Amino acid sequence: MASAIATAICDELSTSASSVADVSLGVNTFLLLFGGALVFLMHGGFAMLEAGAIRSKNAMNILLQTILDAAAAAIMWYCVGFGFAYGIGDKPNKFIGNAMFGLARYKSHYTGSGMGMWTDFFFQWAFCATAATIPAGSVAERFNFNAYMGYSIFIAGFVYPVVAHWAWCVEGWLGFGVNTPLFKAGYIDFAGSGVIHMTGGLAGLIGATMVGPRLGRFDADGNPVEMPGHSAILVVLGTVLLWFGWYGFNPTSMLMITSTPAATVVGRAAVTTTLSGAAGGIACLLNGFRRHRGWDLVGLCNGILCGFVAITACCHVVEPWAAILCGLVAGLWFDFLCWVLLKLKIDDPLSAGPMHFGTGMWGVFFTGLLAKQEYIKEAYTFRSDDVDAYHLYGAFYPHSSGKLLASQVIGLLAIIGWVCGTMIPFFFIFKLAGALRIPPEMEEMGLDRSKHGGSAYNGTGVSPSAPGNDVMRNQPSAKVLPLNG
Amino acid sequence: MSNQGPLSTGGCTSEQFAEVVKALDGDSAAATALCQVFATSNRTEEIAFGLNTVFMVLSGALVFIMASFAMLEAGAIRSKNAMNILLQTVLDGAASAIMWYLVGFGFAYGIGDRPNGFIGDALFGLARYKSHETVTDVRGDWTSWFFQWAFCATAATIPAGAVAERFNFNAYLGYSLFLGGFVYPVVVHWVWCRTGWLGYGTDAPLLGAGMIDFAGSGVVHMTGGLAGLIGATMVGPRMGRFDSNGQPVHMPGHSAILVVLGTVLLWFGWYGFNPGSALVADNANVASVAGRAAVTTTLSGAAGGLTCLVIAVWRGRSWDLTYLCNGMLVGFVSITAGCSVLEPWAALLCGGVAAVLFEAACEGLLKLRIDDVVSAGPMHGVCGAWGVLIVGLLAKKEYVEQTFDRDIYPHGLFYGGGGKLLASQVIGILAIAGWVFGTMGPFFAAFRAVGSLRISAEDETLGLDASKHGVRNLGRAGVRKAMPSCRTLDPLNCVVSHISCRVESAASFPITPSSCTT
């Protein structure tokens, strides 16, 4: 009798346990599916932002490139990228992955959040596509299309996956969650201020430097000439979609939500993301007023995005007041870097270099200053003991060992070195072959007409004879300020 | 979800508690502990139900955002008809909702007292829904109506792009109601209701196999696309679309930006359309199914887009943005049937071939002098059929087993799964095509017979916005006043005004074009 009862109890318990496990898997799958879809939407938002921020004669070109990035990244991620990033083969190494190319034998391999998880491939693709598309903004309006396709494939298939392997694969050498962390600490980068934004932004900056400024951007004395975009409405649409999508980019990077610490982290990430974006926007708005005595809409949008980029590294481990500080500094740092770029006569139409590379770097560094011990333990429960034992938290908190900050600095230097070491030779080869930049006639006419068989706007307010003859430019006003100040 | 007894009895009712105590020789502490286990079990069931609900509601919302198809259509046509198509697309959402409530859901999923394989016969006006099955096994499930409505709205709005710029509004409203309330629900019943005659998951599947159409390449896209094609054929081409030698005249859309915005939002929404068609999220199999659907969807779209882009270059059209966007969409349309049962490499193949078929079909339509404005017939009709077909060739057994719960699993021909699945896919394609032709053909013919299918030539020249939708700010004075504040006005109306100014200034006395920019 007792054993019959015991059997009944144990059956019930095991049914219960397996249905809990099933539901748990379902919840996490749902989180990653929607998170990935939201990150993809950011791609679309970025397309709108870019189109609005440049002259209309090149709008089709940049839209084409941005959509193409998502497609090319998908193919490259499938063929080699996912494998280089997360593949753990028979003899794993810390530099690069070595399994799961073409999703081979994915079922028996660790895929990031579990074994054989389709959602991991999909979710991580969305981040890869983001990194691959960021440089487009820096090289807009004068870049050779073949060079563009080339670097899109190269970044998605190799440059980005390697960095992801270092920071986010358990076999990497750099990340906080790896098997053998650096200095027993490791670099914290939750959703990729460094891995994604620094990588893409620096690649873009290198490209912008090597391809040279747009014709007419700097006059004979080297002073910058205003080149505002053609549609503030598209800039705002893009910003809003990016903001919306960032709620997939940051919070869902926890990769799971089915425990109390995980759910808390996800919630906190949403809060800090919001606050940092808000602070960055206000900082740029006020700074813009100080400099130009006007309320700059595009400046506000840029500031918001800078706040998001910076908080992406540490949204899970900083206090709300720290998030505000992060965003404020990000906005001001961005303005400063834009000014520096103009002084160096580097033309970055979207300011993607200052935004993604500059504020991404700030975000990585800031993590080493103000990541809170209790929150780190919550987000990385498997390293809880290490955090206590080695004082692995922000340097501004008392008794910090500084090891986290050191790891952050090493991480950002490694990323800088890697991106420079790959992208400089890559662009240089194209430049040697004369295939980096479009000819001046094509640039005058606009890429849409010369390369894409038409115009973004047919039969609407753009005169075919006057290049860049757009509404915003025709009616200069204190209220509509140029992008780069 | 069962009633809980007082705290001490956990998940047991009082009678059950008494029984358990008796079984445990009067040990009520042990009985309490045992009943607590049942409470946990009930709680887990509740959480599973919550998970499924949130999954379906959000997926349905994502499918709804695919109504941004409106942006795509608006950008792909001339601006003088933009408001018209936007109105129609938004109206489709509303009209389909009413029809789905009144009759559509019932015709599709209603299982009455004497169910039949052709059409549903219960749940009209959601009557007695609590006692009827509603798509999933759960009785009284609200989310099913909502999620399935989003698909109905999709099917109902697809034809709009094919017949754009010259269709009579009454005819449009008419077919929207007819398609949403009858034509589409019947196809759904055949394939997705368990009492249907065609689908893989039905009680008595066709040929022992049945047609697999996970999220609707056939049910949704073929239905809408073929209806659009019939409409486009019967209403005739836009004026000036073909010259006197029958050669096509290029009629580009007015905004590539809107086309891209529409494409991106459609892509985003497809992550609800395909993975959400798993219908639940609370077990390992469906988690795998939904995840795989997201992967194959992405890959097919990528392959389709890149293939179309290559075709564009090969045709000497250089890197054409419209080709890229169309290519992606045909990739998505074609993977919709097999997203849960195809391998990733098969998804790449699916999208690539779809792109080729799409371009060929577009060429074919031009040769036949059929003006399908957004190529909805080729995209949804032809590529939808291809999507159904490839499942019969390359559905992998293991994935089919994960997706469906049956005794035997006929699968793809190229995996040694026999020909029954392929035969079912082909029969399905023919049945859907036959049904749509057989209903929409006479329907449109009736409107044509009373001269209500097409708008007048004057209306078409002026543009539907001005002639039908009260857009009046096209006078010269209105233009001069409108232009300086173009930044703050609705840009769409603003550029409409601008065209008119330039057209008028070019046609009448010699005003220089630049006067239209002040």
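Summary table
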{"read-out": "Single residue of A:Ala59, A:Ala21, A:Ala73 found to be under 17 Å from the mean Cα position of the chain (by Cα) and among the aliphatic types (A, V, I, L, M)", "value": "A:Ala73"}
{"read-out": "Condition met for A:Thr209 (touching a residue at least 12 places away in the same chain (Cβ under 8 Å), touching a helix residue (DSSP H, G or I) at 6+ places or on another chain (Cβ under 7 Å) and part of a helix (DSSP H, G or I))", "value": "no"}
{"read-out": "Those helices (runs of 4 or more DSSP H) lying entirely in the range A:2-107 with at least 1 residues touching a Pro at 6+ places or on another chain (Cβ under 6 Å)", "value": "A:2-53, A:82-86"}
{"read-out": "Residue within the range B:89-109 that is surrounded by fewer than 22 Cβ atoms within 10 Å (Cβ to Cβ), touching a His at 6+ places or on another chain (Cβ under 7 Å) and in contact (Cβ under 8 Å) with a residue 24 or more places away in the chain present", "value": "no"}
{"read-out": "Subset of the range B:269-285 [facing chain A (nearest Cβ under 9 Å) and either in contact with a His (Cβ under 7 Å, 6 or more places away or on another chain) or aliphatic (A, V, I, L, M) (or both)]", "value": "B:Val280, B:Ala281, B:Ala284"}
{"read-out": "Subset of the range B:309-332 (residues that are buried (at least 23 other Cβ atoms within 10 Å of the Cβ) and more than 10 Å from chain A (Cβ to nearest Cβ))", "value": "B:Asn326, B:Leu329, B:Val330, B:Phe332"}
{"read-out": "Qualifying residues in the range A:35-53 (those that are more than 7 Å from chain B (Cβ to nearest Cβ) and small (Gly, Ala, Ser)) - the one surrounded by the fewest Cβ atoms within 10 Å (Cβ to Cβ)", "value": "A:Gly45"}
{"read-out": "Candidate set: the range A:95-111, residues that are more than 12 Å from chain B (Cβ to nearest Cβ) and small (Gly, Ala, Ser); chosen: the one farthest from A:Cys79 (Cα to Cα)", "value": "A:Ser108"}
{"read-out": "Matching residues, the range A:371-392, being touching a residue at least 40 places away in the same chain (Cβ under 8 Å) and either in contact with a strand residue (DSSP E or B) (Cβ under 6 Å, 6 or more places away or on another chain) or of a type outside the set (Val, Ile, Thr) (or both)", "value": "A:Ala371, A:Lys372, A:Tyr375, A:Glu378, A:Ala379, A:Tyr380, A:Phe382, A:Arg383, A:Asp386, A:Tyr390, A:Leu392"}
{"read-out": "Failed item in (1) surrounded by fewer than 19 Cβ atoms within 10 Å (Cβ to Cβ); (2) over 20 Å from the mean Cα position of the chain (by Cα), with B:Glu359 passing the rest", "value": "(1)"}
{"read-out": "Residue within the range B:273-289 that is touching a helix residue (DSSP H, G or I) at 6+ places or on another chain (Cβ under 7 Å), over 18 Å from B:Gly60 (Cβ atoms) and surrounded by 24 or more Cβ atoms within 10 Å (Cβ to Cβ) present", "value": "yes"}
{"read-out": "Residue check, B:Val54 of a type outside the set (D, E, K, R), within 14 Å of chain A (Cβ to nearest Cβ), in contact with a helix residue (DSSP H, G or I) (Cβ under 8 Å, 6 or more places away or on another chain) and in a helix (DSSP H, G or I)", "value": "yes"}
{"read-out": "Conditions (1) more than 19 Å from B:Leu86 (Cβ to Cβ); (2) surrounded by fewer than 23 Cβ atoms within 10 Å (Cβ to Cβ); number of the one not met by B:Asn168", "value": "(1)"}
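The rows are residues; the columns are (1) in a loop (DSSP other than H, G, I, E, B); (2) modelled with pLDDT under 95; (3) closer than 24 Å to A:Val178 by Cα; (4) of a type in the set (A, V, I, L, M, F, W, C).
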position	(1), (2), (3), (4)
A:Cys338	no, no, no, yes
A:Leu341	no, no, no, yes
A:Tyr375	no, no, yes, no
A:Phe396	yes, no, no, yes
A:Val409	no, no, yes, yes
A:Leu412	no, no, yes, yes
A:Trp418	no, no, yes, yes
A:Met423	no, no, no, yes
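The values are calculated or read from the model by the stated rules, or taken from the named source; none is laboratory data. If you're wondering where the values come from, they're calculated on a predicted model, not measured in any experiment. When we count neighbours, we look across all protein chains shown, and the Cβ atoms used for this are built from the backbone with ideal geometry, even at glycine.
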